[in-house]
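Since the structure comes first, as structure tokens, the remarks are kept for the end.
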Amino acid sequence: MDAAARRKVDVDLEGDEKRLISLNKMYQTWLKEPSKEGLRLLQIQLLQCKNGMLRATLMSRAIKDRTAMLASESQSFAEQIAARGQLLQQRLQEMNEARRLRDNKQQYDLIASLIRKYPDQSTAKRKSDQLRAEIEEVKKSNSALKAQLEMRKKHMHVIAMSLREFKRSFEQE
């Protein structure tokens, strides 16, 4: 029960209590000196007490109904809050799952890009074999060139020797 309703009930109860005390005094007076006017006043006072009690009963019933309605609404709000809390937890789990999936996808894309940079094993083996063949060809070509260079060196040496011999023989003549 809220404070305003409680104060209203307290004031009404004090008024009812005063009316009952006044009714009791009137009744005591009427018993000592019965009169029609006293009886009429006593009946009026009794009717006022009855109306006050009826009003207090109706007010009490209204307060109880209001309290029950507020309790029901409070329960409904509590259930809604609990449902929203569960929904929030579910959304948080979904968000964490989405974040985890996004991170996994980024890692997958990174690994895939690294894999694309490097050839697969069969391509690498084929290229390696090609490079070995090219190296062998270059070695053979290099050996041939070295042999040719040696041959030319020897020819140059022979030519140089022949020129010296020719020069010496020319100088002697």
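The values are calculated or read from the model by the stated rules, or taken from the named source; none is laboratory data. A quick note: this is a predicted structure, and the numbers were derived from the prediction, not measured. Note that we place each Cβ from the backbone using ideal geometry, even for glycine, and neighbour counts take in every protein chain shown.
General remarks:
- Taken as a whole, region 92-99 holds no residue that is over 30 Å from T29 (Cα atoms) and at pLDDT below 95.
- Q148 without any contact (Cβ under 8 Å) to a residue 24 or more places away in the chain and either in contact with a helix residue (DSSP H, G or I) (Cβ under 6 Å, 6 or more places away or on another chain) or exposed (fewer than 10 other Cβ atoms within 10 Å of the Cβ) (or both): no
- Residue check, K32 under 30 Å from T67 (Cα atoms), at pLDDT 80 or above and either in contact with an Asp or Glu (Cβ under 7 Å, 6 or more places away or on another chain) or not small (G, A, S) (or both): no
- The condition (being assigned to a helix (DSSP H, G or I) and surrounded by fewer than 10 Cβ atoms within 10 Å (Cβ to Cβ)) is satisfied by just one residue among E171, E165, E137: E171.
- The set of residues in region 97-118 being of a type in the set (D, E, K, R) and touching a helix residue (DSSP H, G or I) at 6+ places or on another chain (Cβ under 9 Å) is empty.
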